[in-house]
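One structure is given below, encoded as structure tokens.
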Amino acid sequence: MPQIFHRSANGIARFVLWGAQVAFLLVILVWTGLVRSEFFTEVARAPRQPVPFSHRHHVGELGIDCRYCHGGVETSASAGLPATEVCMTCHSQIWTNADMLAPVRESLASGEPLRWQRVHGLPDFVYFNHAIHIHKGVACETCHGDVDDMPLMMRAHSLTMGWCLSCHRDPEPNLRPPAEVFAMHWKPPEDIERVRKSLIDVLGIDTATMTDCYVCHR
Amino acid sequence: MTGRRLALVLLVAALAGCDQKMADQPRYDPLEASSEFPDGMSARTPVAGTVARDADLSATPTAMPFPVTMKLLQRGRERFDIFCAPCHSVAGDGDGIVVERGFPAPPTYHQPALRAASDRHIYDVITDGYGAMYSYAARVPPADRWAIVAYVRALQYARNAPVAELPAQLRARLDGEAGG
């Protein structure tokens with residue numbers, strides 16, 4: 001009986017078998033890398049907003065406090081976004097004819113809120129709460145980055161579970177005195193190590209339970 | 001036999017179609033948009049005239065209802081710096097940063113008319129707004145409004161405090177600065 005395959009087919013078969021495995025591994029590698037990459041975690045991307053609101057301008061240059069606009073941040077889970085009236089406390093008198101602000105004026109007239117595109121968002125199976133972090137000395141800057149340098153809002157961190165845990169495993173190096181949590185570009189004082197140690201006790205931070213699954217998945 | 005196998009294949013296919021949507025559950029998050037209402041908001045505003053169950057229905061006091069403690073003043077200072085200082089400036093002179101950028105200048109707190117104004121007047125200005133100034137009632141609850149009133153009073157007093165009433169330490173500093 002004549003041979004069906006030429007001798008060289010052995011090589012091809014081997015190449016295909018090994019190649020398939022290598023390709024499979026590569027796909028897994030690339031994929032696991034990708035989902036953690038900035039492309040998938042949406043870090044440093046600014047979505048198009050109905051009004052190009054600039055934190056650099058309002059926070060960096062004018063020095064307006066976060067709480068003027070994000071009033072819920074000290075008392076509730078959600079920081080909240082400013083109502084149209086809040087913009088109008090100033091823009092009823094300044095930049096009143098700017099085209100950029102036309103959607104704000106329309107929103108005030110019609111009562112329909114501005115539809116801001118959300119920059120941060122956790123899946124619904126994760127529970128997050130702003131108030132506890134603020135009261136336990138975790139600063140806006142630690143999680144949201146240099147907001148006062150952002151002409152358009154973007155994510156500074158991935159918000160993956162690994163990122164949350166990197167702090168929950170050892171919160172101490174990330175703490176500040178609660179009075180300083182709204183400050184941007186905060187310079188720690190000389191004796192910060194001692195301050196942080198005492199903060200754990202003074203604020204009653206329970207480091208033993210902070211990585212329990214039910215803290216974030218309830 | 002083939003029937004069982006077919007059923008198994010169908011079952012697996014059906015399971016794959018099961019999407020539990022754990023990441024986007026059928027509920028509204030705060031601020032989430034809704035297609036159910038014409039204005040697109042999932043959070044509804046209460047009907048006009050709604051009274052909250054725990055609402056305080058007693059008449060608004062005409063004068064400061066709390067003892068003026070250091071704690072109240074500190075709270076007042078914090079809230080004043082957040083909500084009022086952008087226009088009125090941290091010292092109450094009415095030349096805050098937003099005024100520098102073209103907002104109509106508010107009057108200084110240190111003029112006689114506002115020094116003579118009642119506590120309740122300042123409270124009402126925060127609650128209802130005044131001329132070009134919008135109401136801050138939505139963001140400053142009543143207790144905080146009184147704290148701010150107390151702090152505005154402290155700012156006004158600071159410009160007129162008799163030197164004799166200063167603590168010794170501050171007086172020494174003042175004398176030093178005046179002398180040097």
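The table that follows gives values for the structure above.
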| quantity | calculated |
| --- | --- |
| Heavy-atom SASA rank of A:E190, A:E141 (probe 1.4 Å, accessible area, largest first) | A:E190, A:E141 |
| Projected area, mean over directions - the protein assembly as shown, Cα convex hull, nm² | 36.6 nm² |
| Rounded if a/c under 1.5, otherwise prolate or oblate - chain A, Cα gyration tensor axes | oblate |
| Average partner coverage of A:140-147, which counts Cβ from other chains inside 10 Å | 0 |
| B:K21, B:K71, reordered so the largest accessible area comes first (probe 1.4 Å) | B:K71, B:K21 |
| Isotropically averaged projected area of chain B, using the convex hull of Cα atoms (one quarter of hull area), nm² | 22.0 nm² |
| Nitroxide proxy distance, nm - points 7 Å out along Cα→Cβ at B:A33 and A:A208 | 4.8 nm |
| Nonlocal amide H pairs with A:T160, under 5 Å, H built at 1.01 Å | none |
| Alpha-carbon centroids, segment A:4-58 and segment B:57-123: separation in whole Å | 57 Å |
| A:V16/B:V9 FRET efficiency (R0 25 Å; Cβ-Cβ; nearest 0.05) | 0.35 |
| Cross-link pairs beyond the 22 Å C-alpha cut-off, checked among A:K187/B:K71; A:K197/B:K71; A:K136/B:K71 | A:K187/B:K71; A:K197/B:K71 |
| Hz values of 3J(HN,Hα) by residue in segment B:128-140 - Karplus curve (6.51, -1.76, 1.60), Gly and Pro given as x | 9, x, 7, x, 6, 8, 6, 6, 10, 4, 5, 10, 10 |
| Note, ³J(HN,Hα) from phi for segment A:198-215, Karplus 6.51, -1.76, 1.60, rounded to Hz, x at Gly and Pro | 6, 4, 3, 6, 4, 8, x, 7, 9, 5, 5, 9, 5, 9, 5, 4, 5, 4 |
| Gyration tensor (alpha-carbon) shape descriptor, segment B:87-179, a/c threshold 1.5 | prolate |
| 10 Å Cβ neighbours from other chains, averaged over peptide B:101-107 | 3 |
| Sequence of A:R118, A:R105, A:R155, B:R27 when ordered by accessible area, the most exposed leading, probe 1.4 angstrom | A:R118, B:R27, A:R105, A:R155 |
| Computed helical MRE - 222 nm, chain A, DSSP H runs ≥ 4 contributing -39500 (n - 2.57), nearest 500 | -11000 deg cm²/dmol |
| Three-way shape call for segment B:32-116 based on the alpha-carbon gyration tensor, with the a/c threshold at 1.5 | oblate |
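The values are calculated or read from the model by the stated rules, or taken from the named source; none is laboratory data. On a predicted model such as this, the values are computed, not experimentally measured, just so you know. With ideal geometry, Cβ positions are generated from the backbone for all residues, glycine too; neighbour counts draw on all protein chains shown. Accessible surface areas use protein heavy atoms only, side chains included; no ligands, DNA or RNA. Shrake-Rupley method; radii C 1.70, N 1.55, O 1.52, S 1.80 Å.
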